[in-house]
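To start, the structure itself, in structure tokens.
Just so it is clear, none of the values below were taken in a lab; they were calculated from the coordinates. As the structure is a prediction and not an experimental result, all values here were calculated from the model. In this analysis, Cβ positions are derived from the backbone assuming ideal geometry, glycine residues included, and neighbour counts consider all displayed protein chains.
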Amino acid sequence: MYPKAIWKYFLDINFFNIVFSLTIGFVLDFFWSFILFCSFGILVGYLGFQLFKRQEYYTYYNLGYTKSLLLKKVWFLNLFISIPFLLIYIIVIK
């Protein structure tokens, strides 16, 4: 497997995800930004990737990655990253 390909997909999806999550975070609350980053924001990132970079899926498919495998890895990495930040946020605020 090629970990650089996973990281590139992770960064591409999370570019759209971070923009969406921070926008909602500024409107509602920063807490919701964390929640959206690890849940619904991945879907927004996926839709953004589908809209702007759909052709790159051929490269990932040739490397042996399916869309569902890539999305599972991105979801797990986002969850793994956002849980410590969420705990720090809760500790600092409370």
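Tabulated data for the structure shown
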quantity	calculated
Dipole in debye (nearest 20) - the chain, about Cα centre, beta carbon charges: Lys, Arg +1; Asp, Glu -1	240 debye
Sequence-separation-based contact order of the range 1-46, relative, with Cα cut under 8 Å and 6+ spacing, percent	44 percent
Extension gain from Ile83 to Tyr58, taking 0.36 nm per residue of separation minus the Cα-Cα distance	5.8 nm
Potential lengthening between Leu22 and Thr66 on full extension [0.36 nm per residue; Cα-Cα distance subtracted]	13.0 nm
FRET efficiency, Phe76 to Phe15 (Cβ-Cβ, R0 22 Å, nearest 0.05)	0.75
Those aspartates and glutamates that a straight Cα-Cα span of less than 15 Å connects to Lys72, excepting residues fewer than 8 apart in one chain	Asp12
Contact order normalised by residue count of the chain, Cα under 8 Å, 6+ apart, percent	35 percent
Compactness of the chain, expressed as Rg and Dmax over alpha-carbon positions, Å	14.2, 48
Efficiency of FRET from Cβ geometry, Phe40 and Val92, R₀ 35 Å, rounded to 0.05	0.90
